[in-house]
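Colleague: Input: one structure, supplied below.
Please treat every number below as a calculation from the coordinates, not as lab data. Owing to the predicted nature of the structure, the values given are computational and were not obtained by experimental measurement. No Cβ is skipped: glycine too gets one built from the backbone with ideal geometry, and neighbour counts run over all protein chains shown.
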Amino acid sequence: MPCVSVIESWDLAVFRWINRDWAGPAVDPWMHFLSGNRYFIPALAALGVGLLWRGGRRGRVFVVTLALVAAFANGLVADPMKRIIRRPRPYAVVSDVVLRVGKGNPLGSMPSAHAMNCALMAAVAGWYYRRSLWLAAPVAFGVAWSRVYNGAHFPSDVLAGAGLGAGSAGLGLYVSERAWRWLGPRFAPAWVLVMPSWTRPEWDAAKPASTAAHGPSDGARG
């Protein structure tokens, strides 16, 4: 199909531009760090523990929501798609690729799980802590860019991953709110009296209805 051929040619052209033409020794360490480093998981775990311990109601709800959305997106979206699509990674089909990271699964290019996870983390964090987007969004973009720069994915892989991550975050927030409003009164009525909304845990049932109707201020979410 002509349309598919045009998209594939643009995908390859952009890949080569990022992977080869835009490359440089000053950029390599940053791209390698963003693409995967040993500090990420411990830092994320420490942040999660800190929020569970001292983050209050909003911090605990954020951690639980992020964990559930990430489990759903990886286990039921990204992993099955990789097994079904089986798209070869760039190093398997492009002769002049510059591979700067490990090879990984040669047929697991679509979608990019790195891009998906960073996008969903940025989206969920931005919902509960709006000001965090100033850091989370650039980091998510940088990680997605690094996966192409390092030769691990085509641009369309990271675009698909980012879209799936943002979509999974939106779906997770919607479902969690509906589930809380439906199941909460049945199984945890005392908690619902204190926290009537899962996606806006700072709302207080004791506040006037007009305050809840307009939602929290940016400062309350930041």
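Colleague: Pop a pseudo-label 7 angstrom from the Cα along the beta-carbon direction at both residue 191 and residue 6 and give the gap in nm to one decimal.
Modeller: Going by the 7 Å Cα→Cβ label model, 5.2 nm.
Colleague: Could you tell me the relative contact order of the chain? Use alpha-carbon pairs under 8 Å, at least six residues apart, and round to a whole percent. Mind dumping the intermediate values first?
Modeller: Numbers: 277 pairs, mean separation 52.2, N = 222.
Relative contact order here is 24 percent.
Colleague: While we're here: Going 7 Å from the Cα of residue 32 toward and past its Cβ, which residues in the stretch 84-107 have a backbone nitrogen under 12 Å from where you end up?
Modeller: 100-102
Colleague: Please identify the DSSP H helices in the chain that span no less than 18 Å along the helix axis (Cα) and have a mean Kyte-Doolittle hydropathy of -1.0 or more. Intermediate values should be presented prior to the final figure.
Modeller: Numbers: long enough: 2-16 (21 Å, 0.83); 40-54 (21 Å, 1.62); 56-73 (26 Å, 1.23); 113-128 (23 Å, 0.99); 133-149 (23 Å, 1.16); 155-187 (46 Å, 0.22).
Helix filter hits for the chain: 2-16, 40-54, 56-73, 113-128, 133-149, 155-187.
Colleague: For the stretch 8-60, run through the chymotrypsin sites (Phe, Trp or Tyr not before Pro) and keep only the ones in DSSP coil with at most 11 other Cβ atoms within 10 Å of their Cβ.
Modeller: Answer in residue order: 39.
Colleague: Per-residue ellipticity at 222 nm for the chain, helices alone: DSSP H runs ≥ 4 residues times -39500 (n - 2.57), over residue total, nearest 500 deg cm²/dmol?
Modeller: -21000 deg cm²/dmol, from helical runs alone.
Colleague: Note the full-extension length gain between residue 76 and residue 96 as 0.36 nm times their separation in residues minus their Cα-Cα distance, in nm to one decimal.
Modeller: Roughly 3.8 nm would be gained on extension.
Colleague: Where does each of 199, 65 land when they are ranked from fewest to most other beta-carbon atoms within 10 angstrom?
Modeller: 199, 65
Colleague: Any idea how far apart residue 20 and residue 131 come out in nm if each label point goes 7 Å out from Cα toward Cβ?
Modeller: The answer from the label model is 4.6 nm.
Colleague: Would you please name the trypsin sites (Lys or Arg not before Pro) within the stretch 14-43 that are DSSP coil residues with at most 15 other C-beta atoms within 10 Å of their C-beta? Mind dumping the intermediate values first?
Modeller: Numbers: sites: 16, 20, 38; in loops: 38.
Answer in residue order: 38.
Colleague: Tell me, in nm to one decimal, what length is gained between residue 177 and residue 44 on full extension, where the rule is 0.36 nm per residue of separation less the Cα-Cα distance?
Modeller: In short, 45.4 nm is gained.
Colleague: Assuming a ≥ b ≥ c are the square roots of the Cα gyration tensor eigenvalues, decide whether the stretch 1-59 counts as rounded (a/c under 1.5), prolate (otherwise, with a/b larger than b/c) or oblate.
Modeller: Oblate shape, in that a/c is at least 1.5 and b/c is the bigger or equal ratio.
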